[in-house]
Amino acid sequence: MPKERIAYIDFMKGLCIMLIVMGHVNDFSFDAILPNLNFALRSFRIPMYFFLSGLFFKTYSGFNEFLRKKINNLIVTLLFFHFLCCLLWVPLLYLTHHFLPEIDLQFPLPYAIPSFHRRFWFAATALWFLVALFGVNMLYYLFQRYMKFAGVVAVVAVCSVIGYVLMKHSIKLPLELDIALVGLPYFVLGSAVKRFGLMEPSRYDKYGFLVILPCIWIIYRFSGDIDLLHQVVPNYLQLYLIPFVAILSLFWLCKNLSYVPLVCHYGRYSIILLGTHQMLIAYVWLALIGFSHLQPSVIPIVTIVLVFALELPVIHLLVKYFPRFTAQQEFFKPGWTI
């Protein structure tokens, strides 16, 4: 039996991935709408992704099953999208070189198959999140297995301080472990919401409409710039307090929402958008720059609209033909052990 979808969670995931996609479009800035809006949105969109993952943390029957699930959902998906984006990167380089030779490709076209690591970052940098999320899951599983919840919270707080210090000193750990340390508290917040039954309907849900406006003001007024991949973090309170306020207020508000078709659809398949949007952005941008006479200020908006439109058939095709590679079905079946 397929598991029942929770509409407001899909809405939050959809909102989160849509903000990420828009943020990755060249020359698009939320500050054109409202000054400092970029900081406000960046302060919680990646933390909210960790939070949403924490909502569904399960230990399953033991470590072997837990590891199998995480490899299926994160590592297999990571490798598939990496391969797909690398495959599509080669014709993109050729087209760019042919139609826009003035653009620096950063390495000669004959060497269109550089090292695995270099292709990873050029083809789909957003996939770093899956690496960090895998580390968060492994750490949290280890902590909760040997400690009670209060002890887990204390250890996670220590980990967050360590991660914060590492980022402030630009010390990068392998496999995005520095990001995993910083991301743990957001993940634990999601786990705590589930643990204390806050995902269930409550008579207090209606008050989410009352708290959202003051919370929006707090987020906008006090947020700091957060870019975990590039180790950009504000002070420690801004790193956690403001995202917590943003995430919990949005969670409270969204509990009152029913199914919102397009946003929830993107949310349900957010991992596909995460793995494909940067390649789509590159192709759409090339088409608009090379074959249209649009004003430069209009190109980012048109790019966003076209990318979201193209994601619909991309989702359909990948879910239909590659379900085991896109976290829709299990790649490694039960019985697989390590």
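The values are calculated or read from the model by the stated rules, or taken from the named source; none is laboratory data. This one's a predicted model, so the numbers in the text were calculated from it and none came from an experiment. All Cβ positions, glycine included, derive from the backbone under ideal geometry; neighbour counts span all protein chains shown.
If the condition is being among the aliphatic types (A, V, I, L, M) and closer than 17 Å to Ile242 by Cβ, then region 162-183 contributes Met167, Val182. Scanning region 70-93 for residues that are of a type in the set (Phe, Trp, Tyr) and either touching a helix residue (DSSP H, G or I) at 6+ places or on another chain (Cβ under 7 Å) or crowded, with 19+ Cβ neighbours inside 10 Å (or both) gives Phe80, Phe81, Trp89. Checking each residue in region 282-327 for being at pLDDT 85 or above, closer than 21 Å to Ala32 by Cα and of a type in the set (Ser, Thr, Tyr) picks out only Thr303. Filtering region 220-229 to residues that are surrounded by fewer than 20 Cβ atoms within 10 Å (Cβ to Cβ) and in a loop (DSSP other than H, G, I, E, B) leaves Gly224, Asp225, Leu229. What do you reckon, is Phe99 surrounded by 13 or more Cβ atoms within 10 Å (Cβ to Cβ), closer than 21 Å to Leu280 by Cα and modelled with pLDDT of 90 or more? So Phe99 fails the test.
Across region 119-143, the qualifying residues are those that are under 16 Å from Ala282 (Cβ atoms) and part of a helix (DSSP H, G or I), and the one among them that is modelled with the highest pLDDT is Leu127. Scanning region 230-252 for residues that are polar (S, T, N, Q), under 26 Å from Val25 (Cα atoms) and assigned to a helix (DSSP H, G or I) gives a single hit, Gln238.
Restricting attention to region 135-183, which residues are touching a Lys or Arg at 6+ places or on another chain (Cβ under 8 Å) and basic (Lys, Arg)? Across region 135-183, there are no qualifying residues.
The residues of region 271-281 that are touching a Ser or Thr at 6+ places or on another chain (Cβ under 8 Å) and either among the charged types (D, E, K, R) or closer than 22 Å to Ile33 by Cβ (or both) amount to a single one, Ile281. Being modelled with pLDDT under 95, surrounded by 20 or more Cβ atoms within 10 Å (Cβ to Cβ), in a helix (DSSP H, G or I) and among the aliphatic types (A, V, I, L, M) is a property that does not hold for Val182. Within region 149-172, no residue that is free of Cβ contacts under 8 Å to residues at least 24 places away in the same chain and at positive phi sits with its Cβ atom under 8 Å from a residue that is surrounded by fewer than 12 Cβ atoms within 10 Å (Cβ to Cβ) and of a type in the set (Ser, Thr, Tyr) at 6+ positions apart or across chains.
Go through (1) closer than 30 Å to Gln329 by Cα; (2) out of contact with any Ser or Thr (no Cβ under 7 Å at 6 or more places or on another chain) for Trp252 and report which single condition fails. Of everything listed in (1) closer than 30 Å to Gln329 by Cα; (2) out of contact with any Ser or Thr (no Cβ under 7 Å at 6 or more places or on another chain), Trp252 misses just condition (1).
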